[in-house]
Structures are given as C-alpha cells and as structure tokens.
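The values are calculated or read from the model by the stated rules, or taken from the named source; none is laboratory data. Just so you know, these numbers come straight off a predicted model, no measurement behind them. Backbone-built Cβ (ideal geometry, glycine too); neighbour counts: all protein chains shown. Remember, those area values only see protein heavy atoms, side chains included, never the ligands or the DNA or RNA. Shrake-Rupley method; radii C 1.70, N 1.55, O 1.52, S 1.80 Å.
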Amino acid sequence: TPNNDGINDNIKPIAFGVLEEYSFSVYNRLGQLVFHSTTQGKGWDGNINGVGQNSGVYIWYCQYKFAGDIEKRSKGSFVLIR
C-alpha cells in the first residue's frame, strides 16, 4: 500500500548479516521488469518513472550471498493495493 503513510510503502527484502552480493527485482503480471536494485535496503515504491502502477499481483526475485556462504535465490509474489 504505497500511500506515504510510512507503513508498507516499499517492498524490499530484509537481510540480517553481511551481504557480499545482492540483486532484487520486481516483475508485473506480463513478466516485464518494473524495478531492479543491487543496493541492499532499496525497495520498490509501486511507481515507474513517477507513475503509480495499477493494483494487482507482482512477482519478486532476489539473489544474494552472505559472507562465507553460497549464493541463494528466493522468489515470491505480492499484491499491490492502491
């Protein structure tokens, strides 16, 4: 619910530990990339070029590697609500 109330305004992974590698992406229902970041803690605010996107289901994908560990991948979905 990206409505600037300070609650769930961005979607982003929360990692506890030192990351050596990090990549977070969000895709729309058509499979188009709508957000990508390699900066830990940076999330998607539901906008593309300042334009709020429609409510609906989006897919997220995250690749990461903690210090001293192997690379891992996680994925899932969420609902953007306007």
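For the chain, modelled as a Gaussian network with Cα springs under 10 Å, which listed residue fluctuates most, Ile48, Ile11, Ile59?
Ile48
If you take every residue apart from Asp45 with its C-beta less than 15 Å away from the C-beta of Asp45, what net charge results, scoring Lys and Arg +1 and Asp and Glu -1?
Local net charge: +1.
Once you've got the GNM for the chain with C-alpha springs shorter than 10 Å, pick whichever of Gln63, Gln40, Gln32 has the biggest mean-square fluctuation.
Top of the fluctuation ranking is Gln32.
Could you tell me the distance between the Cα centroids of the stretch 53-72 and the stretch 1-37, to the nearest Å?
If we compute the Cα centre of each part, the gap is 8 Å.
Give the carbon-plus-sulfur fraction of the accessible surface of the stretch 11-50 in %, rounded to a whole number; probe 1.4 Å, heavy atoms of protein chains only.
50
Please give the per residue accessible area of the stretch 14-82, computed with a probe of 1.4 Å over protein heavy atoms only, in Å².
I get 67 Å² per residue for this part.
Would you mind classifying the chain by shape? Square roots of the alpha carbon gyration tensor eigenvalues, ordered a ≥ b ≥ c; an a/c under 1.5 is rounded, otherwise it is prolate if a/b is larger than b/c and oblate if not.
Here the chain falls in the prolate category.
Can you spot the aspartates and glutamates whose alpha carbon is less than 14 Å from Lys72's alpha carbon? Ignore those fewer than 8 places along the same chain.
Correct list for Lys72: Glu20, Glu21.
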